[in-house]
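For reference, the structure is listed below as structure tokens.
The values are calculated or read from the model by the stated rules, or taken from the named source; none is laboratory data. All of these numbers come straight from a predicted model, not from anything done at the bench. Virtual Cβ from ideal backbone geometry, glycine too; neighbours counted across all protein chains shown. Quick note on the areas: whole protein, heavy atoms, side chains included, nothing else; ligands and nucleic acids left out. Shrake-Rupley method; radii C 1.70, N 1.55, O 1.52, S 1.80 Å.
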Amino acid sequence: SGGSYIGAVTGLGTTEQIDYVTVNNLTLSGADYVGAIFGQAGAQTLDHITVNNSTVSGANYIGGIGGSSQATSTDLTVANTNVSGTTNYVGGVFGSNAGAINRAYSTANISGISYLGGIAGNNTSALVQVSSGGTITATGAGNYIGGIVGYQNAGSISKAVSIANVSGASASGVGGII
């Protein structure tokens, strides 16, 4: 713990495939790009990844599975996990996402200032069959807080459900989905 690009499997992934990984009861902290599985993922594939009963914390780009991802992902689950960032880009699954996601589920409790989402704090790709629960809380006068995605910069979202408790007393741009 401590630095940037922190993950239990890899800190900075580029092309490797990560399949069928389950992490339980992990506590991981760092600065930027922190996730239970990886800090930052490139153009790779992720399949059947589960994180349970864990705590992931840092400053920017913090996610239950990864801090930042460009990967094509299928069947991602983050349950009963606390994901917190002291500043921006915090998500239940990824802090920031630029890869297609098919089937992702998160009940993470998320906190940070801006760009907070149940699945991703920032998204620029296609999300299909995604759902979130838990709580998403802006801890300051931030922006872009959403049940599924904090900020949708490009891409699309379909077949999405959020029952997350989304709040930001001093935040602007707070929504149930985006």
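Things to note:
- The set of residues in region 20-48 being surrounded by 19 or more Cβ atoms within 10 Å (Cβ to Cβ), β-branched (Val, Ile, Thr) and either more than 13 Å from the chain's Cα centre (by Cα) or on the phi > 0 side of the Ramachandran plot (or both) consists of 23 alone.
- Spans of strands (runs of 3 or more DSSP E) in region 54-96 with at least 3 residues more than 8 Å from the chain's Cα centre (by Cα): 55-58, 72-79, 82-85
- Listed by first and then second residue, the pairs with beta-carbon distance under 9 Å, at least 6 apart or on different chains, first residue in region 5-31 and more than 15 Å from residue 55 (Cα to Cα), second open to solvent by 80 Å² or more (accessible area, probe 1.4 Å) and part of a strand (DSSP E or B), are 5/12.
- Options 105, 115; residue that is open to solvent by 10 Å² or more (accessible area, probe 1.4 Å), under 27 Å from residue 3 (Cβ atoms) and modelled with pLDDT of 95 or more: 115
- Checked against the criterion of being on the phi < 0 side of the Ramachandran plot and over 15 Å from the mean Cα position of the chain (by Cα), the candidates 102, 165, 123 yield just one match: 165.
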